[in-house]
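Here is the structure we will look at, set down as structure tokens.
The values are calculated or read from the model by the stated rules, or taken from the named source; none is laboratory data. Here the structure is a predicted model, which means the values were calculated and not measured. Reconstructed Cβ throughout: ideal geometry from the backbone, glycine too, with neighbour counts over all protein chains shown.
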Amino acid sequence: MPENRDLKKRTGTKDKILKVANTLFCNHGYKATSVRKIASEVGIRESALYNHFKNKEAIFLEVAKSIFNSPFSFKEDEIKELASRGKPFLQKFAMQYKMLTFDKKSESMFKLLIIELMQNEQLREQFMVQFHHNNIKTLSEAFFIMMQNNLIKSNDPMMVSYEFLSTLFYIRFQITLLRFDSKSADSLSTQFERHVDFFWESIKSS
């Protein structure tokens, strides 16, 4: 029992470190956020924080991982079920992307990631694997199922996935830039749905 309590305590502290670090990174940036500041906000000594993370970069990479992974986590049976219906899969994927785009914490972290991607090789590798490759894989599986069910035209599922995802990413990037300059992005809020409608019409079987 004591071991279980210790494990829960360690997990709880680690989660709190990540939550606090996320807020500090978003509010002050990566460089201006120190390990000492994170530890102080968590309410632990700096030395205690190193029991959970090797350094600040390790904390940042773990925080980034949660941003990359969320919310595109489809279970295998969910992919099959939605993809077998065609357009509903694309609608759900795009809606999750939209929710991520307009989530304030995710938006702040996304801005920071765009800056840090150019300076951190590990972050770039993490981005390519966890965000890019995983989403292309999920989409490719879905488009392949749609092709098997004659819902869409036969084509290279990976290339179709690139086409679908790239526009979503561009819309998100455009919205982030507008909001960074405190400009309204309301006119782009329906672009996600419009993209799905336009894309579906271009790939569906005749």
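Restricting Phe192, Phe169, Phe164, Phe173 to those that are in a helix (DSSP H, G or I), in contact with a Ser or Thr (Cβ under 9 Å, 6 or more places away or on another chain) and aromatic (Phe, Trp, Tyr) reduces the list to Phe192.
Scanning segment 73-127 for residues that are aromatic (Phe, Trp, Tyr) and within 19 Å of Met147 (Cβ to Cβ), which turns out modelled with the lowest pLDDT?
In this case the residue turns out to be Phe74.
For the structure I just gave you, tell me whether Ser140 is of a type in the set (Gly, Ala, Ser), in a helix (DSSP H, G or I) and crowded, with 17+ Cβ neighbours inside 10 Å. Yes: the conditions hold for Ser140. Looking across segment 143-161, the residues that are assigned to a helix (DSSP H, G or I) and out of contact with any Pro (no Cβ under 8 Å at 6 or more places or on another chain) come down to Ile145, Met146, Gln148, Pro157, Met158, Met159, Val160, Ser161.
Within segment 99-113, is there a residue that is hydrophobic (A, V, I, L, M, F, W, C) and over 16 Å from the mean Cα position of the chain (by Cα)? Within segment 99-113, none of the residues are hydrophobic (A, V, I, L, M, F, W, C) and over 16 Å from the mean Cα position of the chain (by Cα).
The conditions of being in contact with a Leu (Cβ under 8 Å, 6 or more places away or on another chain) and surrounded by 15 or more Cβ atoms within 10 Å (Cβ to Cβ) are met by Phe164. For segment 176-189, a residue qualifies if it is in contact with a Phe, Trp or Tyr (Cβ under 8 Å, 6 or more places away or on another chain) and either part of a loop (DSSP other than H, G, I, E, B) or without any contact (Cβ under 8 Å) to a residue 60 or more places away in the chain (or both), and exactly one does: Ser189. Listed by first and then second residue, the pairs with beta-carbon distance under 8 Å, at least 6 apart or on different chains, first residue in segment 95-114 and among the charged types (D, E, K, R), second surrounded by fewer than 15 Cβ atoms within 10 Å (Cβ to Cβ) and not in a helix (DSSP H, G or I), are Lys98/Ser189. For segment 75-91, does any single residue satisfy the condition of being surrounded by 13 or more Cβ atoms within 10 Å (Cβ to Cβ), assigned by TED's automatic domain parsing to the domain that holds Asp197, in contact (Cβ under 8 Å) with a residue 12 or more places away in the chain and within 14 Å of the chain's Cα centre (by Cα)? No: segment 75-91 contains no residue that is surrounded by 13 or more Cβ atoms within 10 Å (Cβ to Cβ), assigned by TED's automatic domain parsing to the domain that holds Asp197, in contact (Cβ under 8 Å) with a residue 12 or more places away in the chain and within 14 Å of the chain's Cα centre (by Cα). The set of residues in segment 139-178 that are acidic (Asp, Glu) and within 21 Å of Pro88 (Cβ to Cβ) comprises Glu141, Glu163.
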